[in-house]
Amino acid sequence: MTATRRDWFPGLDAVRALGAACVLATHVGFYTGRTLHGPFAATIARLDAGVALFFVLTGFLLFRPYVIAAQHGRPRPATTTYLRRRALRILPAYWIVVLVCTAWLPPIGATSPLSDLLHHLTLTQIYGLGIQHTGLTQAWSLCVEISFYLLLPLLARLVLLRGGARWTYGVLAALAVLGAAWTPVLTATNVLDVRIAGQWLPGFLDWFVAGMLLALVQVQGRSAPAWTRRLHDVARSPGTCWVAAIAVFAIATSPLAGPASIRGDIDAPTPSSVLLKNLLYLVAAALVVLPLVLGPQDEGVVRRLLSGRVGRFLGEISYGVFLWHLAVLEAYVRVRHQPLFTGSWLLTFVLVWALTLPVAWASYRFVERPLMTWRRRPPVRVPSQRTTVDHTTTSPVAQSA
């Protein structure tokens, strides 16, 4: 089946590219010390909101096939096929980065090399094991993504267990509350070490749920509950959405959302500031994505610009940018003998981004794209079996970071 306009959201490629650039920018800010001081310190530090963009996109793209199946009375996506495709999309390129960083860059903590390697290869380094290796610290969010992939078939079954809107949106609301409350509760109670458990999936469920909600509203269209129809109306004005997203992000850079950089106990965030930061990131990311999934895909200069060749190219290689940028950044500062917390943020960002692009392109061209082509080959089925349609595509796959 050929993807229709309703199954293809070309502007999301540019959103993935934006998320990867934000993650790169905040890491450069740390290396150059610009997240600690300077007039734009809080803004650069808060560019980690790019992770929220990734999680909202993941929730939308991967939950949407389950909503389509439920809407049309079709069998839900086969779990084994779904997991195989996710594994082929994410793991091989990531494993190459792990092997390169393990071979050429030093560990951060005092763990054995074999233990360090195995934890990173299995994406279990965040579960009380520490984020140990130079060039791989950004992979904590990939660990969260993998957790969501594994849980999604069960979540989809739970959310869509009954046909009524009250049940569906009620379950999503409960999941969102869990995600929003997780880290503030840990901060207030110390039941679990917030430095470890704060990076687990429950702490980001509300970001994924935002994408799942958009998937529901997009598939149901005007047949969705009345209160969700307003999202369609808002989505018709992308400029309004994106200006509002910038305003929300600006609030997130203020002291209301807690200290942008933690420097000892004196800067420890409060539960209320942790909650506010979480919600502000969620709202900003949802506002960025909203007009690109609900609004008319072929209207407006900005939409057409985002879905052009440059946006699609940068989106295609965005996973490689996410995977390789820290290794490239580390190599860059070593070659230049640039001490930590020194250097120009802007110059370092531009040069590291420019150096990362060809590496990311090579990853996409020689590792990711061949596996994407192979993973889309339909399995051999007997004639009596029904086939299912993979709607988890943007340009052609749902890339995650």
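Readers should treat all values here as calculations from the given coordinates under stated rules, not as data from a laboratory. These figures come from a predicted structure and were not determined experimentally. Note that each Cβ is placed from the backbone with ideal geometry, even for glycine, and that neighbours are counted across all protein chains shown.
Counted as membrane-span-like here are DSSP H helices of the chain whose alpha-carbon atoms extend 20 Å or more along the helix's own axis and whose Kyte-Doolittle mean is 0.5 or above; these are 12-32, 50-72, 79-104, 140-159, 165-189, 205-220, 238-252, 271-293, 318-335, 345-363.
Could you work out which residue, out of ALA17, ALA226, ALA173, moves most in a Gaussian network model of the chain, that is, has the largest mean-square fluctuation with Cα springs under 10 Å? Taking springs between Cα atoms under 10 Å, the residue moving most is ALA226.
Could you state the number of Å between the C-alpha centres of the range 131-166 and the range 2-66? Cα centroid of the range 2-66 versus Cα centroid of the range 131-166: 17 Å apart. Dividing the mean sequence gap of close Cα pairs (under 8 Å, 6+ apart) by how many residues the chain holds gives a relative contact order of 33 percent.
Of the trypsin sites (Lys or Arg not before Pro) found in the range 13-96, no site is in coil according to DSSP while having at most 10 other Cβ atoms within 10 Å of its Cβ. Compared with the rule-of-thumb size 2.2 N^0.38 Å for a compact globular protein, the chain has a Cα radius of gyration ratio of 0.97.
For the range 94-183, taking the reciprocal of the average inverse distance between every pair of different Cα atoms yields a Kirkwood hydrodynamic radius of 15.3 Å. Each residue, THR134 and THR270, gets one label point 7 Å from its Cα in the Cβ direction; the gap between the two is 3.9 nm.
Scoring 70-78, 319-327, 354-362 by mean Cβ neighbours within 10 Å over their residues and listing the highest first yields 319-327, 354-362, 70-78. Tell me, what is the FRET efficiency for TRP104 and ALA174 to the nearest 0.05, using R0 = 41 angstrom and their Cβ-Cβ distance as r? That gives a FRET efficiency of 0.35. Subtracting the Cα-Cα distance of LEU121 and ILE96 from their residue separation scaled by 0.36 nm leaves 8.1 nm.
The length gained by stretching the chain between ARG157 and ILE251 to full extension, at 0.36 nm per residue less their Cα-Cα distance, is 30.2 nm. For the range 154-309, just say rounded, prolate or oblate: build the C-alpha gyration tensor, square-root its eigenvalues into a ≥ b ≥ c, call rounded for a/c under 1.5, and beyond that prolate if a/b exceeds b/c, oblate if not. Cα axes put the range 154-309 in the oblate bin. Each Lys or Arg adds one and each Asp or Glu subtracts one; over the other residues with Cβ under 12 Å from the Cβ of THR342, this totals +2.
Taking amide hydrogens as placed 1.01 Å from N in the peptide plane, the amide H of HIS133 sits under 5 Å from those of ILE108, each at least 5 positions away in sequence or on another chain.
Note on ALA165 and SER344: with the Förster distance fixed at 60 Å, the Cβ-Cβ geometry gives a FRET efficiency of about 0.70.
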